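Below is one structure, written out as structure tokens; the observations come after it.
The values are calculated or read from the model by the stated rules, or taken from the named source; none is laboratory data. Model, not experiment: these values are computed from the prediction. Because the Cβ atoms are built from the backbone with ideal geometry, glycine has one as well, and the counts that use them run over all protein chains shown.
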Amino acid sequence: MITGGATIAQEAYDASLIPKNLLPYASAVVRNSEETVEVKALDNVVTTVKKAITVLNKNGNDLAHIAIWHNKNISIKSVKGVVYDAYGKKISKFSEKDFADVSAANNFSLFEDSRIEHYIPSVTDYPYTIAYEYETRSKQSLDFQDWRPNRYNNMAIEKSSFTFICKPDFNIRYKESNLPEKSVIANAGSTKTYTWHLDNVKAVKEEPYSPNPYSYTSSVKIAPEKFSYEGINGSFTNWRDLGKWEYDNLLVNRDQLPEQTVAYVKMLTKDITDPKEKARKIYGYMQQKTHYISVQVGIGGFQPFKAAEVDKLSYGDCKALVNYTQALLKVANIDSYYCIVEAGGNKVSMLDDFASMDQGNHVILCLPFKNDTTWLECTNQKIPFGFLGDFTDDRVVLACTPNGGILLHTPKYSTQTNIQSRKANFLITEAGVLSGEMETVFKGVQYNNRESLINSSETEQIKELNNVYPINNLDIEKFNFKQDKSIQPATTEYLKLTARDYASNNANKIYFLINAANRNTRIPKEIRNRQTDFYINEGYTDEDNITYTIPKGYHLEKIPLNVNITNPFGSYVAKMELRDDKLSYNRKLQLVDGTYGKDSYQNFVDFYEKVVNADNYSVTLVKN
């Protein structure tokens, strides 16, 4: 596509030729994309990408960014490209020497052999078109990258195709999602070809509270039946087979420990009869002894360090620390499962009907106690025993066992358990000074709300607390934190505070905001003609109960605040009452996680508008 002459290029990449129906919400348009994967042998897979993208404005620059991953198993064979102006006239050309080659390691990795070659054109006149092609070769046939032609918001598709080529005896499974047409399969002598097309697709605009893009964008996932990975052959057609291969080839015989460590674990647990309490003791020992460092080497970054190495070095990545904890538990005759999970703030589960190697990025540990399954996060030295938090909660994971893979579901922290509960007693003077005490309890996934703050210096703690609470002139006289690290953990925060000029006094009237500690100020953006359903990832409950002692001889100027709203996605109650010199304020906000129809989104915006108005309600006290 790049080798044609200037006349052909001008005809192909003149921006005015883009169909008008593809322009709404688009910052870039894929003019043509051809991705091909050819499995020449189990240890020889060639991928070629040919793509032309017209960038319409500066918001589309990132969509013109070329990033090519490579490591010891994936090599880049060729790269070249051309940049055209709005009329399809060539501006410049580029090759691999113009790419920056940088490490893909994150800032907490000790070793990681993945690298990225990347390039983005330096063009400021819009629109422009970047057309490029590259080829890579991989020595493995286990893990194929998904085809996701419209994975990015604000990008339209004029023409896009994906072709998978293999020998007739190389069997694959594939999963198509949100595609208007099924694959076309062709057999031609010594090759079998699968082809997918996606043409004339409008851009998906950026929308708040959108669900997982996999639920509404197009994709194809491919998994082999037989494969080779770093010299290890295998086969699978389901999760049971894949988990068995991982256990037998990546995990088995990596749990040996030094004799002195075995003796110490036995001594540590000798007086404990309850297996769960034994596990708690061993987990605490592991947390105290080790620390987390990412190490993405070994068999594709999939195989953990041996337990003896972790015992010696006292560090490891998620895989190594889970394997090490398993080995320690085994000494106490406690069974556990090495579980692969897609971790992150968004809940993403293993597909129950499609097994593939690329569906996890983290490892946790499952202890299948009878009627009391317990989950452990082994990379966090401070997290309570049996608590996962929102990094891996409420999703399907793959447990690798001696009998094969099993799909399990991690615990769900619900709206009713993710609690922030606050009680405060304040005094307000006629001079406007606020003073008093406030205690807040955090439970469920909100347990971690103060975790980073707890481990900071006192100066940083006070600075951060001043940022957390919307109280002007806040002076924190005393504070402390307590953590209950039981199976249902809780963090308790206590503050003693004062704030001058919290209330204002004018013409025998006192004015102040009734919600001193937990005010919403942002309303979700209104979206006309919303395209996607709206999604709440994590539910929670916030409760605030505040009592103000006000100066004697004052009454309320207007009817007390009294708001009560209920929707499928949440509820909100805010009430106040004055009795003598005691003004009570009770507030409860609940959000319920889940996916809701796009037609409900305006109700969600209206709901938050009412919440914001009520949260910022100003009390007016009038002197009798």
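Numbers at a glance
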quantity	calculated
Qualifying positions in region 479-492 - farther than 16 Å from PHE426 by Cα and in contact with a strand residue (DSSP E or B) (Cβ under 9 Å, 6 or more places away or on another chain)	ASN480, PHE481, LYS482, GLN483, ASP484, ILE487, GLN488, PRO489, ALA490, THR491, THR492
Out of LEU495, LEU578, sole residue that is modelled with pLDDT of 95 or more, in contact with a His (Cβ under 9 Å, 6 or more places away or on another chain) and part of a strand (DSSP E or B)	LEU578
Any hit, region 158-170, residues being acidic (Asp, Glu) and surrounded by fewer than 18 Cβ atoms within 10 Å (Cβ to Cβ)	yes
Residue ID - surrounded by the most Cβ atoms within 10 Å (Cβ to Cβ), chosen from residues in region 427-456 that are of a type in the set (A, V, I, L, M, F, W, C) and assigned to a helix (DSSP H, G or I)	VAL445
Enumerated strands (runs of 3 or more DSSP E) restricted to region 116-199, each holding at least 2 residues that are within 30 Å of ALA100 (Cβ to Cβ) and polar (S, T, N, Q)	128-138, 155-166
All positions within region 388-408 that are under 21 Å from ALA320 (Cβ atoms), touching a helix residue (DSSP H, G or I) at 6+ places or on another chain (Cβ under 8 Å) and buried (at least 19 other Cβ atoms within 10 Å of the Cβ)	LEU398, ALA399, CYS400, THR401, GLY405
Cross-chain or 6+ apart pairs with Cβ under 6 Å, region 200-213 first and on the phi > 0 side of the Ramachandran plot, then not in a loop (DSSP other than H, G, I, E, B)	TYR209/PHE534; TYR209/TYR535
Selection count where residues are crowded, with 20+ Cβ neighbours inside 10 Å, closer than 23 Å to PHE369 by Cβ and out of contact with any Lys or Arg (no Cβ under 8 Å at 6 or more places or on another chain), scope region 247-279	5
Pairs with Cβ under 7 Å, 6+ apart, first in region 158-170 and in contact (Cβ under 8 Å) with a residue 12 or more places away in the chain and among the acidic types (Asp, Glu), second surrounded by 19 or more Cβ atoms within 10 Å (Cβ to Cβ) and in a strand (DSSP E or B)	GLU158/VAL29; GLU158/VAL30; GLU158/ARG31
Spans of strands (runs of 3 or more DSSP E) in region 47-96 with at least 3 residues over 20 Å from ARG151 (Cβ atoms) and in the same structural domain as GLU135 (by TED's automatic domain parsing)	74-84, 90-95
Hey, VAL220 in a strand (DSSP E or B) and under 29 Å from the mean Cα position of the chain (by Cα) or not	yes
Residue that is farthest from THR417 (Cα to Cα), among those in region 502-519 that are outside any strand (DSSP E or B) and at pLDDT 95 or above	ALA503
Selection from region 362-383 of residues that are crowded, with 21+ Cβ neighbours inside 10 Å and more than 15 Å from LEU408 (Cα to Cα)	GLU377, CYS378, THR379, ILE383
Of residues in region 457-509 being crowded, with 16+ Cβ neighbours inside 10 Å, more than 36 Å from the chain's Cα centre (by Cα) and among the hydroxyl-bearing types (Ser, Thr, Tyr), the one nearest to ASN624 (Cα to Cα)	TYR502
Test set (1) in a strand (DSSP E or B); (2) out of contact with any Lys or Arg (no Cβ under 8 Å at 6 or more places or on another chain) - ILE559 fails condition number	(1)
Cross-chain or 6+ apart pairs with Cβ under 7 Å, region 593-622 first and in contact (Cβ under 8 Å) with a residue 24 or more places away in the chain, then among the basic types (Lys, Arg)	LYS598/ARG530; TYR601/ARG530; ASP615/ARG519; ASN616/ARG519; THR620/LYS509; THR620/LYS558; LEU621/LYS509; VAL622/LYS509
Any pair with Cβ under 8 angstrom, 6 or more apart, that starts in region 15-37 at a residue that is in the same structural domain as TYR87 (by TED's automatic domain parsing) and ends at one that is acidic (Asp, Glu) and modelled with pLDDT under 95	LEU17/GLU11
Flag if ALA307 is in contact with a helix residue (DSSP H, G or I) (Cβ under 8 Å, 6 or more places away or on another chain), assigned by TED's automatic domain parsing to the domain that holds GLY360 and without any contact (Cβ under 8 Å) to a residue 60 or more places away in the chain	yes
One residue from PRO551, PRO489 being in contact with a helix residue (DSSP H, G or I) (Cβ under 8 Å, 6 or more places away or on another chain) and touching a residue at least 60 places away in the same chain (Cβ under 8 Å)	PRO489
ASP544 surrounded by fewer than 20 Cβ atoms within 10 Å (Cβ to Cβ) and either outside the structural domain of GLU207 (by TED's automatic domain parsing) or at pLDDT below 95 (or both)	no
Residue selected from region 547-575 under the condition hydroxyl-bearing (Ser, Thr, Tyr) and closer than 20 Å to LEU434 by Cα, by the criterion modelled with the lowest pLDDT	TYR554
